[in-house]
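Student: Have a look at this one.
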Amino acid sequence: MALATNSPNQTSYDVIIIGGAIMGASAAWFLSDNKDFNGRVLVVERDPSYENCSTTHTNSCMRQQFSTALNVQISQFAADFVKNIRSYMGGDERVPELSIRSFGYMYLADTEAFADVLRESQQVQLAQGAATQLMTPAQIAAAYPFYNVEDIVLGSINLVDEGLFDAGAVFDWWRRQSRERGVEYVQNEVVAINRNAAGNRVESVTLKSGDVVACGQVVNASGPRAAATARMAGIDVPVEPRKRYSWIFKADTPLDRDLPLTIDPSGVHVRENGGGTYQCGGHADVDPAVDYDDYVMDFSIWENHVWPILATRIPQFETIKVQSEWAGHYAYNTFDHNAILGPHSELTNFLFLNGFSGHGLQQSPAMGRGIAELVAHGEYRSLDLSPFAYDRIPAKRPIVEKAVI
Ligand SMILES: Cc1cc2nc3c(=O)[nH]c(=O)nc-3n(C[C@H](O)[C@H](O)[C@H](O)COP(=O)(O)OP(=O)(O)OC[C@H]3O[C@@H](n4cnc5c(N)ncnc54)[C@H](O)[C@@H]3O)c2cc1C
């Protein structure tokens, strides 16, 4: 079904953000909150129902268990932002107080090689002030008797500021408050990005409605469609849509304590969802790029792959009933699974806000703030996010982040 469009109020904006889900909303809000920026901001969103975007298909969790210090710091800012959202939003009493349900992520290693990765990562995390604890199989069995730990050599968990948060509330309030401060959102689609005569700057974007809108800078916040958007500007970015399946199920006999977001060595993951229900995620062994509009569920994956793994790891999950299931897309960075942030090396008023793979919700506060700083000041002022610059791709310098889900 063709989606309706509406036209922007102006013909020119200082910043046009392509994509109005969590990343676009964060960038727009942090721009609206930046005292040194008073430019005009337009957010173009092709589907304001957000029916298929990554943002509305997630686990909604945050963790500090990364292997690179910068990724730990980014999530620490997310925790601080979420726990103090009202104060960040100017004390606005309509903004709800939020908290994090810190049941932790439980990484389980079934090989010494992966256990070593967990040990090394713990050192990185502790140096940043995270509370990660390593657990022997006996300790895991004592604290969480429902796991089968027969094959497990080590576990790693952090019970501080790691777990479930209400990303939907953060997303809603960013949109609401930035609109109130003058950010304009339109339901439309960017279908072309036009360069100036010299070819070295973006001068406008063309919308599906036919409007041509001039811009000072353009931000690519188009999630799994990042490469299609970049191609409109004649540039490449190594991001593709990869399917990730989710299931919510109810256990006949619920667990007697919170289930951490458990990362089985197979990659299947499952977490507490409340009321005797649990949310589980996984993907097929063969994991190609898919069509941008392909959200078809593969029902065989649950039966043949995910459920057997789950019931082996947590035998109490042998009798469960799936309540709902869906396929969503990761904006999968094939280069190094990490954010790609900031200007293109040559087309310098085209800014990337892309490639978040499976951890973009928790990175959205730091990434939106970073983009706003780049736009307003031409540099990062709070957290230095320059390691995520686009230049690392042509230079073939990947960020090695070992904790990718
Ligand atoms: C199953 C699953 C579980 C996840 N779990 C977690 C988790 O627990 N924690 C975590 O931190 N992250 C998680 N993630 C990742 C997280 O959801 C994403 O990284 C994040 O939502 C990315 O947000 P985004 O705004 O970049 O992309 P999206 O949410 O996909 O939004 C992109 C938007 O751009 C719009 N758009 C695209 N092209 C155009 C165009 N040409 N014109 C106008 N609009 C356009 C789209 O309509 C869309 O609304 C998960 C993802 C999935 C799929």
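Student: For the range 80-117, what are the residues that are in a helix (DSSP H, G or I) and over 26 Å from Y147 (Cβ atoms)?
Tutor: The answer is D80, F81, V82, K83, I85, R86, S87, Y88.
Student: Follow-up. Would you check if A69 is within 12 Å of the ligand (Cβ to nearest atom) and either in the same structural domain as N220 (by TED's automatic domain parsing) or surrounded by fewer than 17 Cβ atoms within 10 Å (Cβ to Cβ) (or both)?
Tutor: Spelling it out, it is not the case that A69 is within 12 Å of the ligand (Cβ to nearest atom) and either in the same structural domain as N220 (by TED's automatic domain parsing) or surrounded by fewer than 17 Cβ atoms within 10 Å (Cβ to Cβ) (or both).
Student: Let me ask you something else. Out of all the residues in the range 182-192, which are under 25 Å from the mean Cα position of the chain (by Cα) and either among the charged types (D, E, K, R) or not in a strand (DSSP E or B) (or both)?
Tutor: V183, E184, N188, E189
Student: Here's another thing I want to ask about it. How about the range 114-130: which of its residues are open to solvent by 40 Å² or more (accessible area, probe 1.4 Å) and either among the polar types (S, T, N, Q) or touching a residue at least 24 places away in the same chain (Cβ under 8 Å) (or both)?
Tutor: F114, R119, E120, Q123, V124, A127, Q128, G129
Student: Moving to a separate point now. Would the range 21-41 turn up any residue that is within 25 Å of M297 (Cα to Cα) and within 25 Å of the chain's Cα centre (by Cα)?
Tutor: Yes; the residues of the range 21-41 include at least one that is within 25 Å of M297 (Cα to Cα) and within 25 Å of the chain's Cα centre (by Cα).
Student: Is it true that some residue in the range 71-78 is farther than 24 Å from S382 by Cα and part of a helix (DSSP H, G or I)?
Tutor: no
Student: So which residues in the range 1-50 are open to solvent by 40 Å² or more (accessible area, probe 1.4 Å) and polar (S, T, N, Q)?
Tutor: T5, N6, S7, N9, Q10, T11, S12, N38, S49
Student: Mind checking which strands (runs of 3 or more DSSP E) fall wholly inside the range 300-402 and carry at least 1 residues that are over 28 Å from D33 (Cβ atoms), small (G, A, S) and within 13 Å of the ligand (Cβ to nearest atom)?
Tutor: 320-333
Student: OK, next. Which residue pairs have Cβ atoms closer than 9 Å, lie 6 or more positions apart in sequence or on different chains, and pair a first residue in the range 1-30 that is outside the structural domain of L374 (by TED's automatic domain parsing) and within 13 Å of the ligand (Cβ to nearest atom) with a second residue that is open to solvent by 70 Å² or more (accessible area, probe 1.4 Å) and of a type in the set (D, E, K, R)?
Tutor: Matching pairs, first to second residue: L3/R46; L3/K208; T5/R46; T5/K208.
Student: A follow-up question, please. Which one of R86, R94, R63 is among the basic types (K, R) and touching a strand residue (DSSP E or B) at 6+ places or on another chain (Cβ under 7 Å)?
Tutor: Among R86, R94, R63, only R63 is among the basic types (K, R) and touching a strand residue (DSSP E or B) at 6+ places or on another chain (Cβ under 7 Å).
Student: Follow-up. Run down S364, S345 and say which single residue is among the hydroxyl-bearing types (S, T, Y) and crowded, with 24+ Cβ neighbours inside 10 Å.
Tutor: Selected residue: S364, the only one of S364, S345 that is among the hydroxyl-bearing types (S, T, Y) and crowded, with 24+ Cβ neighbours inside 10 Å.
The values are calculated or read from the model by the stated rules, or taken from the named source; none is laboratory data. No experiment lies behind these values; they were computed from the predicted model shown. Reconstructed Cβ throughout: ideal geometry from the backbone, glycine too, with neighbour counts over all protein chains shown. Only protein heavy atoms, including side chains, enter the accessible area calculation; ligands, DNA and RNA are left aside. Shrake-Rupley method; radii C 1.70, N 1.55, O 1.52, S 1.80 Å.
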